[in-house]
Each structure stands twice: as C-alpha cells, then as structure tokens.
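Let me begin by presenting the structure, written as structure tokens, before commenting on it.
The values are calculated or read from the model by the stated rules, or taken from the named source; none is laboratory data. Being a predicted model, the structure only gives us computed values, none of them experimental. Because the Cβ atoms are built from the backbone with ideal geometry, glycine has one as well, and the counts that use them run over all protein chains shown. Areas reflect the complete protein model, heavy atoms only, side chains present, ligands, DNA and RNA absent. Shrake-Rupley method; radii C 1.70, N 1.55, O 1.52, S 1.80 Å.
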Amino acid sequence: MSRLERLRVATRHTPSLSAASKSTATSPRQQPDPGGHWPVDVSRPQTRTLLLMMYSNPSYYPPTINAVSLLSEHFRIHLLSRNVAGPPHSWPEAVRVETVGSYATPEEKTAAPALSKFTEYVRFVSRGRRLVAELKPHIIYAFDAHAFAAAVRARARDSQVPIVFHCHDLPELEKPPLTSLQTWIVKSALRNTRAASCVVFPEKYRAAYWLGKAGDARPAVIVPNGASIGFYPGRSDWRELAQRRFAEKKICYVGSIGGDNGHREAVCALEHLDDAFQLDLIGFVPDDFGRELNMLARARAVEPRLSLDGWPSRDQRIRRMERAAVGLLLYQPVSKNWEYSGSAPNKLFEYAALGLPVVVPDRASYREFLGNERWVSFADVKDPASIANSIANILADRDAYVAMSRAAREAFESRYNYERLFQPVLDRIFELTRTVTPKLAPGARPGDVAIGV
C-alpha cells in the first residue's frame, strides 16, 4: 500500500469540525451556512477566545498539538486550517476545528494546478477575515508563515487584535522561484513580521535568520519542540529497563523516512557494528525509498538486522521505542531549516522522555544546544563510520549507559517538556490579552473571564 493510500485509510474527511467538537455543533442554532462554514458561538458575553490559524494540518505536528492543548486550558479556540490529510487527533473540548478547501494528501496539494492553489489560499484568507469579524478574538495565533500572512490580512479592519507568529518550519528564503505562489506568501509574511506582537521560533538560528531577512531587531521567543510531559509517564524501574536495553542493543529512528534524514547512512553504519546491533526505522516511508533501503541492506549484508515496516499506532510506536537503546536524529544540512535544527526536532525530546541516549549531527546548532548533555553523542551524519562510532561509544559500558539513560529522562522532566518550554509564550499571551489566569477556578470553563480584565 502506498503512502497516499495509507493516509487515506488513516484519515477521513471531516467537513469542518473535529470529532471531539462535532457534538457541540449539531443543535438547530449551530448549522453550517450554505458555504459549509460553521457559525461561531458568540452567545456568551464573557468569553476569551483565541483564533488559531495554520495552513498545514495541525494534527500532523506534535508541537502544535501540545500548544493547542495548553492554550485550551485558558481560551476557547477556533482552529482554522487547510483540509490536508494527516493522522487523526481528538482535540480538547474547548477547541473547534474548521477546514478550508477540498480534502487531499500533502502530495496532491503540492501537485495541484496553480489556479487551484491560489483559489484555496484566497478562501483561507477570506474565511479568516470573516472569523475575525464574527468571533472578535482577543488574540490570533498563526502557526506558520502562510497562516501569518493570512492573519495580517484577516485582521486589517481591526488592527488592535494582537497576533502571535509561531514559525514552526523555516521556508526557503534564498532565491525562491518567483513563479511560485508560496514565494509571494512568504514575502508577505516577511514584510509584515513587525506587525506581529510576538514572534516564536523553535530554534535560535532560525529566528535570527528570519528576523534578519525581515529587518526586525526584536528578540524572538525560542520554544524548543519538546514533548508533552504526559508523552511517556515516569516509572520506578528505569535501571532495570536501561539494563535490558543495553543487552539488546537496538537502535531506533522515529519519523518521516527519506534520503535527507540520514537513513542510508544509518543502514550503512550497521556494517561497522557487530551483529548484535539492530536498526528499527519507524515511520512513513515512500515505497521506492523503502525498496532502496532494503536493497542497500541486502548489498551490505545487514538486511536481517533492519526493520522497516511503516507507521504503527501511537501505543505500538512507544512500545517499540521503549525497547530501543539508542535514538537516531541524522538530519542532513540540505536547507537552512535542517541546518538550523538543534532544538527543533520533536523526536529528540521524545527520545529523552523515554530515557534514550541519542546520536545527533555534529553541527553548531546542536553543539550549542546540547553540548553539555551527557546523554547526547555527536556524529558526522554523512559518514556511516562516525555514526557507528557514536552508537558504540554510548553502548560501551553498561553502568555508563544506565547513567546516560537516567540523565536523558531527568533532562526531559526538568527542562525539555513542552509545558515548561511553552510557558514564556503563555506569559506573553496573558500580557497581550491583559489577563493572567495561570489556573482555572473550580467549576470554570476556558474563556470564563471578563473582557478587558
């Protein structure tokens, strides 16, 4: 089954609302208009509302899910996104999800005719403008450059509404094609960056690069893409678990699988390790690249030690990660986005949550962020021998390995969980909305605060 077919099986089109909020939109008062849009609930006079805009599929990005979850504790959220296939997600009760455009996979969206892309983006901007008028949000949160450019246009009639611009991924800014719609949208986002009340990036070099191009001298808020504290609960048998992992010597990677992610080099690294080491690649893999990896493993005589079988359920994925001894993160520096990625990969922090020591690229972005972490080993990601050497060093001594595993979990609990990392953004949002509600009062619901407090 191809990746496109898997996505279609895994996700089904929900016209405008997530399954979690669908039950709140079925009364006679809440029916879609002739254009298929759901009305905004503005019946309660004392509400605090956040309009969150994202042109990508929000359920695809764990940091977005984490941010929305935390924001929903303080705001009633209307989430507007493009209708793109992705993994399903059940959103909190305070979140209403609305999509624009026809349902399609990311690949189909990319391959669509230029006119279709233009029309879809215009619809996204228009719907954002209508929501601003109907919802009168206290703040707009734009989670990518496309959404930010749309948010600036959407709030034009009410420039008092603050906008948070959270630039999750860094678009291509070096000589982009002038015939591409994306180029002009990104140019608009750059030109209007100073209109944002707060700018958020997951990595400091990405922030400096974008803000330099935008001519914005303000400091950005840096929020590494940590995992939620609930991603993997604490346990009392860390030492015993680490000892089992040390004995089994399994290496894992979790995420999208492709040539720029270092997977060829990871397979070749097995040649430099003894037969006890196994490599478990967990994630979506294009069919042709999957065949290439299997052929490469066969040619290098390591095929029995390679596991490559797609994207399992969340519980299965965590169980497989739980059995691993080392996590891999081998992004090649093929773009500024990946060159500047030291604190950006969510998988880095998921590995830490499970107490997994990791191998990461030996680049400035990673060295400066992780250089003092004892559970992190650096490698030349273009050199299989260097990758193998880092793996071997992590698993050279059992007691040292156990200490590294404990250090990874402790780092996650104390510094790298999203609840702690996102707090500066929450504080800034409270400041911008002139409200400070660190916790809801007993019996209160998100949004139960007086306007203008």
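Of the numbered criteria (1) open to solvent by 40 Å² or more (accessible area, probe 1.4 Å); (2) at negative phi, the one Tyr401 fails is (1).
Condition test on Ala352, is it touching an Asp or Glu at 6+ places or on another chain (Cβ under 7 Å), hydrophobic (A, V, I, L, M, F, W, C) and assigned to a helix (DSSP H, G or I)?
no
Scanning region 401-429 for residues that are over 14 Å from Gly230 (Cα atoms) and of a type in the set (S, T, N, Q) yields Ser405, Gln423.
Test Ala149 against the criterion of being free of Cβ contacts under 8 Å to residues at least 12 places away in the same chain and open to solvent by less than 50 Å² (accessible area, probe 1.4 Å), and give yes or no. No; evaluated as a whole, the condition is false for this residue.
Scanning region 278-300 for residues that are in contact with a helix residue (DSSP H, G or I) (Cβ under 8 Å, 6 or more places away or on another chain) and in a loop (DSSP other than H, G, I, E, B), we see that the one that is farthest from Ala392 (Cα to Cα) is Pro286. Of Glu172, Glu248, all but one fail to be open to solvent by 10 Å² or more (accessible area, probe 1.4 Å), over 23 Å from the mean Cα position of the chain (by Cα) and in contact (Cβ under 8 Å) with a residue 12 or more places away in the chain; the exception is Glu248.
Would it be correct to say that Arg323 is open to solvent by 40 Å² or more (accessible area, probe 1.4 Å) and touching a residue at least 60 places away in the same chain (Cβ under 8 Å)? Yes: the conditions hold for Arg323.
Screening the candidates Thr99, Thr64 for the property of being open to solvent by less than 20 Å² (accessible area, probe 1.4 Å), outside any loop (DSSP other than H, G, I, E, B), among the β-branched types (Val, Ile, Thr) and touching a residue at least 40 places away in the same chain (Cβ under 8 Å) yields one hit, Thr64. Scanning region 371-391 for residues that are of a type in the set (Gly, Ala, Ser) and in contact with a helix residue (DSSP H, G or I) (Cβ under 8 Å, 6 or more places away or on another chain) returns Ser377, Ala379, Ala385, Ala388.
The residues of region 404-414 that are buried (at least 20 other Cβ atoms within 10 Å of the Cβ) and either among the acidic types (Asp, Glu) or under 16 Å from Arg244 (Cα atoms) (or both), listed by number, are Met404, Ser405.
Being closer than 28 Å to Tyr61 by Cα, charged (D, E, K, R), buried (at least 19 other Cβ atoms within 10 Å of the Cβ) and modelled with pLDDT of 95 or more holds for only one residue in Lys347, Lys382, and it is Lys347. Candidates are the residues of region 206-239 that are open to solvent by 30 Å² or more (accessible area, probe 1.4 Å) and part of a helix (DSSP H, G or I); the one that is farthest from Arg409 (Cα to Cα) is Lys213. The lone criterion from (1) crowded, with 23+ Cβ neighbours inside 10 Å; (2) among the small types (Gly, Ala, Ser); (3) farther than 20 Å from Ile391 by Cα left unmet by Ser365 is number (1).
The set of residues from region 152-169 being surrounded by 20 or more Cβ atoms within 10 Å (Cβ to Cβ), part of a helix (DSSP H, G or I) and in contact with a Lys or Arg (Cβ under 8 Å, 6 or more places away or on another chain) comprises just one member, Ala154.
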